[in-house]
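Visitor: Before I ask anything, here is the structure I am working with.
The values are calculated or read from the model by the stated rules, or taken from the named source; none is laboratory data. Computed from a prediction, not measured in an experiment: that's the story for all the values here. Every residue, glycine among them, receives a Cβ derived from its backbone with ideal geometry; neighbour counts consider all protein chains shown.
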Amino acid sequence: MRRPLLLADTLINLLLGALLLFYPQWLVEALGMPVVATSFFPNVLGGVLFGIGLALLIAYRGGTQGLGLDGAIAINLCGAGVVVGWLVIAPHAIPPRGKITLWIIALAVIAIGLVELQHRLRAKTDQ
């Protein structure tokens with residue numbers, strides 16, 4: 001079960017990272033994301049997510065180094081928690097379509113994080 005979770009997490013991070021690296025205006029508008037004066041911060045976040053995806057890929061392929069499942073759990077729950085925080089505390093800052101998009105992303109990331117956490121805790125109790 002660990003390997004499919006790690007692969008799913010890898011692909012999600014690589015995809016989101018690549019999208020944020022390019023941050024195309026058509027995608028921003030289509031998803032209803034907030035318009036920013038410069039794409040600097042979305043690009044930086046994209047680079048970080050893409051790097052996380054590569055670290056996960058290394059771990060998935062059996063490398064001795066890489067992020068691993070524990071790191072992925074922390075990143076998923078923290079990152080999604082920040083998005084949920086924005087949605088709850090500053091909903092006026094996000095267009096309606098963007099709220100829908102971000103809720104879907106946040107819930108999906110929280111879900112995979114919780115499944116990973118459950119798997120990790122079960123593995124520890126089985127030892």
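Visitor: Suppose we filter segment 59-73 for residues that are at pLDDT 80 or above, surrounded by 16 or more Cβ atoms within 10 Å (Cβ to Cβ) and either more than 21 Å from Leu107 (Cβ to Cβ) or charged (D, E, K, R) (or both); how many remain?
Guide: Number satisfying all stated conditions: 2.
Visitor: Would you be able to tell me the number of residues in segment 26-43 that are part of a helix (DSSP H, G or I) and either more than 15 Å from Trp103 (Cα to Cα) or modelled with pLDDT under 85 (or both)? Working first, answer last.
Guide: Of the residues in segment 26-43, the ones part of a helix (DSSP H, G or I) are 26-31, 40-43.
Filter again for either more than 15 Å from Trp103 (Cα to Cα) or modelled with pLDDT under 85 (or both), leaving 26-30, 40-43.
Number satisfying all stated conditions: 9.
One line per residue, one yes/no per condition, for (1) within 22 Å of Gly98 (Cα to Cα); (2) touching a helix residue (DSSP H, G or I) at 6+ places or on another chain (Cβ under 9 Å):
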position	(1), (2)
Thr10	no, yes
Val48	yes, yes
Gly62	no, no
Asp70	no, yes
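Visitor: For Phe40, state whether it is out of contact with any helix residue (DSSP H, G or I) (no Cβ under 6 Å at 6 or more places or on another chain) and hydrophobic (A, V, I, L, M, F, W, C). First the steps, then the outcome.
Guide: On the way: out of contact with any helix residue (DSSP H, G or I) (no Cβ under 6 Å at 6 or more places or on another chain): yes; hydrophobic (A, V, I, L, M, F, W, C): yes.
Yes, satisfied.
Visitor: I would also like to ask the following. Of all residues in segment 74-127, which are small (Gly, Ala, Ser) and either outside any helix (DSSP H, G or I) or surrounded by fewer than 17 Cβ atoms within 10 Å (Cβ to Cβ) (or both)?
Guide: Correct list: Ala74, Gly81, Gly85, Ala90, Ala93, Ala108, Ala111, Ala123.
Visitor: As an exercise: evaluate Tyr23 against (1) surrounded by fewer than 17 Cβ atoms within 10 Å (Cβ to Cβ); (2) on the phi > 0 side of the Ramachandran plot and give the number of the one condition it does not meet.
Guide: Of everything listed in (1) surrounded by fewer than 17 Cβ atoms within 10 Å (Cβ to Cβ); (2) on the phi > 0 side of the Ramachandran plot, Tyr23 misses just condition (1).
Visitor: Restricting the search to segment 76-98, which residues are over 18 Å from Pro4 (Cβ atoms) and in contact (Cβ under 8 Å) with a residue 60 or more places away in the chain? Spell out how you get there, then give the answer.
Guide: Filtering segment 76-98 for residues over 18 Å from Pro4 (Cβ atoms) gives 77-98.
Of everything in segment 76-98, those that are over 18 Å from Pro4 (Cβ atoms) and in contact (Cβ under 8 Å) with a residue 60 or more places away in the chain turn out to be Ile94, Pro95, Pro96, Arg97, Gly98.
Visitor: Continuing with this model, one more query. Got a sec? Which of Gly46, Gly62, Gly81 is at positive phi, out of contact with any strand residue (DSSP E or B) (no Cβ under 7 Å at 6 or more places or on another chain) and not basic (Lys, Arg)?
Guide: On the way: Gly46 fails: at positive phi; Gly81 fails: at positive phi.
Residue meeting the stated conditions: Gly62.
Visitor: Do any residues in segment 99-126 that are under 30 Å from Met33 (Cβ atoms) have Cβ atoms under 8 Å from those of residues that are surrounded by 15 or more Cβ atoms within 10 Å (Cβ to Cβ) and charged (D, E, K, R), where the two are at least six apart or on different chains, and which pairs are they?
Guide: Sorted first by the residue in segment 99-126, then by its partner, the pairs are Ile112/Asp9; Glu116/Asp9.
Visitor: Which of the residues spanning segment 1-20 are closer than 14 Å to Asp70 by Cα, within 12 Å of the chain's Cα centre (by Cα) and loosely packed, with under 14 Cβ neighbours inside 10 Å?
Guide: none
Visitor: Separate question: Being in contact (Cβ under 8 Å) with a residue 40 or more places away in the chain, crowded, with 17+ Cβ neighbours inside 10 Å and part of a helix (DSSP H, G or I) narrows it down to one residue among Gly53, Gly46; which is it? Before you say what the answer is, go through the steps one by one.
Guide: On the way: Gly46 fails: in contact (Cβ under 8 Å) with a residue 40 or more places away in the chain.
From the options Gly53, Gly46, the qualifying one is Gly53.
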